[in-house]
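Okay, structure first, notes after.
All of the numbers you see were taken from the coordinates with simple rules; none came from a lab. Quick caveat: nothing in here was measured; it's all calculated off a predicted structure. As a convention, Cβ positions derive from the backbone with ideal geometry for all residues, glycine included, and neighbour counts pool all protein chains shown.
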Amino acid sequence: MRFLYVLAMFWLCAPVSAQTVQKQAAFTVKDTALVFTQILKSNKAISLADYRGKLVILDFWASWCAPCVKSFRKIDSLQEKFKDRVQFVLINSKRSGDTRAKVEAVFKSWEQRNGRPLNLTAVVEDTVAVSRYPHLLLPHYVWLDTAGNLITETGADEVNAATIEAVLAGVPVKFEGKRDQQTEAPLYSNNDLPKDQLQQYALLIKGYNAGLPSGNRYRVTNGITHGRAITNSSLHELYNTVVHKFYPALSTKQILCEVKDSMLLHMAFTDSRYGEWSKEHLYSLDFVVPVEKADLLYPLLLQYLNDYTAFEGRVEERLIDCWLLRFTGDSLQLKSKQQKTVNRLAAKEKSYLQNGELRALVNFLNQSVAIVFPVLDETGISYRIDLSFASRLETFSAIETALKQYAFVLERTQRKLKVFVLRDDAH
């Protein structure tokens, strides 16, 4: 079940447009005459009328949409399972920017990975279906019943064998549906929002929303950032975003999670359980303050999260284990001789830093999962440096060996440092 917390006051913002895409009326018998002429692997046009008597599911996708391509395995399996009773049609619209060649490349790549061709009907460079069923976000699925009537429009989670079986059996299905939101405007607002009077806007939604992307958006007026929209993200990601902006000096390893059930904050797995977990434990947030209070955005946002979630995050000082990065060599060995700055320390092969600051190396070490404790820079190096490592920096041993070739050493000690502690809300 989703919970919606809304706190909306008035602030000055840019014009607000309609938040949801306007949908067409129910799909009528006449509309089954929609014809697709650009069919992959075929010169023959198809019409939706050809599929009368079947449950039809239109799968709108694009080559750059990783979740779309990842779902092909599931769609292919469902098509095989239901055969003559269900017809999936992959729809790649012209507005996606894909060409027939790009689509063919995706299909060829899928065949190489799976050892067999992807035998799904695919429309390319479509302008017909995308106009009939306008949407903003992918993947997008349109369900048409055996008579060609529109049943619903959904995200990927509801496309599964159990739901299809129920629809075919005539069992009433309660679809969550998918209502795309225009993320340029405050989430879930509409034209009734008094844009010339607004002073502040805050909204927090619990639960995955198929009509929103996963990611971040800044709210900016006259070049000043005074709001953030963070959608379909874990609470851990929300707090991390705020902490890194509010306390930029803290490394990831200075953010401590001391809660009873960490599964409420972030997922510990990437398998099929993620779908069920995300329905309850992802959040969408939109938080805006007046432009004149832009410098208070992140302190207020942190307080908002503390007030409206089951957790509390605070900065405190602690004596903790850490690594001191020291330099024992000759500066001439490190000083850059390059003009262009390139940071490829995170590359899996041939990682290097060219004409970079020492802090780039420290940041890399603090982001490495192979290093448990925070890394502090005590090298005294202020000049730009060049580094190049032949081996992968994936283990602590490999990192130590790579650093030694440039006379860097890591010394373990304890220091009193500021840390951000996220704990269960005692109240």
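Listed values, structure above:
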read-out	value
Value at 222 nm in deg cm²/dmol, rounded to 500, when DSSP H runs of n ≥ 4 in the chain each add -39,500 (n - 2.57)	-6500 deg cm²/dmol
Fully extended contour minus Cα-Cα distance, from A105 to K416, at 0.36 nm per residue	106.5 nm
Trypsin sites (Lys or Arg not before Pro) within region 353-427, DSSP loop, no more than 14 other Cβ atoms inside 10 Å	R392
Theoretical gain in end-to-end length, D425 to S77 [0.36 nm per residue, Cα-Cα removed]	120.8 nm
Contour excess over end-to-end distance, with Cα ends at R392 and Q182 and 0.36 nm allotted per residue	71.4 nm
Candidates per chymotrypsin sites (Phe, Trp or Tyr not before Pro) in region 197-269, loop by DSSP, up to 13 other Cβ within 10 Å	F269
Contact order relative to length of region 319-421, as percent, for alpha carbon pairs under 8 angstrom and 6 or more apart	42 percent
Debye intensity ratio I(q)/I(0), log10, the chain, q values 0.07 Å⁻¹ (C-alpha model)	-0.49
For region 73-174: rounded, prolate or oblate by the Cα gyration tensor [a/c cutoff 1.5]	oblate
Rounded if a/c under 1.5, otherwise prolate or oblate - region 354-405, Cα gyration tensor axes	oblate
Aspartates and glutamates with Cα under 19 Å of K418, excluding same-chain neighbours fewer than 8 positions away	E258, E312, E316, E317, D321, D377, E378
Separation in nanometres of the label points that stand 7 Å from Cα toward Cβ, at A161 and T37	4.0 nm
Across K102/K350; K260/K293; K206/K416; K70/K94; K174/K195; K81/K174, pairs whose alpha-carbon gap is larger than 26 Å	K102/K350; K260/K293; K206/K416; K174/K195
Trypsin sites (Lys or Arg not before Pro) restricted to region 105-196 and DSSP loop, no more than 13 other C-beta within 10 Å	K174
DSSP bridge pairs, the chain: antiparallel proportion in percent, nearest 5	80 percent
Those aspartates and glutamates that a straight Cα-Cα span of less than 15 Å connects to K337, excepting residues fewer than 8 apart in one chain	E357, D386
Gaussian network model of the chain, Cα within-10 Å springs - most flexible of I205, I381, I39	I381
Cα→Cβ-extended label distance, 7 Å offset, between V369 and A249, nm	3.0 nm
C-alpha long axis of helix 235-246 to longest principal axis of the chain, angle in °	50 degrees
Gyration tensor (alpha-carbon) shape descriptor, region 319-421, a/c threshold 1.5	prolate
Two-site label geometry, V171 and L332: point separation in nm, points 7 Å out along Cα→Cβ	7.9 nm
